[in-house]
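The values are calculated or read from the model by the stated rules, or taken from the named source; none is laboratory data. Here the structure is a predicted model, which is why all the values come from computation and not from measurement. Counting neighbours? That spans all protein chains shown, and the Cβs are built from the backbone with ideal geometry, glycine included. Side chains are part of the model used for accessible areas, which takes the heavy atoms of the whole protein and leaves out ligands, DNA and RNA. Shrake-Rupley method; radii C 1.70, N 1.55, O 1.52, S 1.80 Å.
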Amino acid sequence: MFESCLDQVTSPGGKVVVISTGMGSIADNGSGGMYAYRTSKAAVNMVTKSLAADLAKDGRGISVAAIAPGFVATDFGGSVEKMSGWGAKPVGQATSGILQTIDTMTVETTGRFIMVPTDGGSPKEFPW
């Protein structure tokens, strides 16, 4: 999958970000349910973790992270107003957290799963 794009990310300091969700965390699943969705997102997280390990071995200096933007108010979920009423954060807040995470990515921190908190706090490492 990613191999076709790898030649585009060749310089040291390159970064690969995969947008994920906390629903893909096995360690954080205390509520169950949503089997197909959770399984697909756990698979995305595994691909991200494996890619980070492979790129760390090849010495290209490329960092990889899975970033979960949190619960974001979008029309995808019905309507921004409805989702905001459920506690979803604005798109701009999620985007800010994603960009902050990308800015801090390094080869030393590759292979992490990062969550952008709904409360607007700084992004933090999340359990796989």
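One residue stands out among those in segment 4-40 that are part of a helix (DSSP H, G or I) and open to solvent by less than 60 Å² (accessible area, probe 1.4 Å): the one that is modelled with the lowest pLDDT, which is Leu6. Listed conditions (1) of a type outside the set (Gly, Ala, Ser); (2) in contact with a Ser or Thr (Cβ under 8 Å, 6 or more places away or on another chain); (3) under 15 Å from Ala65 (Cα atoms) are all met by Pro90, apart from (3). In segment 107-128, the residues that are closer than 20 Å to Val47 by Cβ and without any contact (Cβ under 8 Å) to a residue 40 or more places away in the chain reach residues that are among the charged types (D, E, K, R) and open to solvent by 70 Å² or more (accessible area, probe 1.4 Å) with C-beta atoms within less than 6 angstrom, at least six apart or across chains, in these pairs: Glu125/Arg112. What number of residues within segment 41-72 are of a type in the set (S, T, N, Q) and without any contact (Cβ under 8 Å) to a residue 12 or more places away in the chain? Going through segment 41-72 one residue at a time, the tally reaches 1. Among residues belonging to segment 96-106 that are within 14 Å of Gly70 (Cα to Cα) and touching a residue at least 24 places away in the same chain (Cβ under 8 Å), point out the one that is most open to solvent (accessible area, probe 1.4 Å). The qualifying residue most open to solvent (accessible area, probe 1.4 Å) is Ile98.
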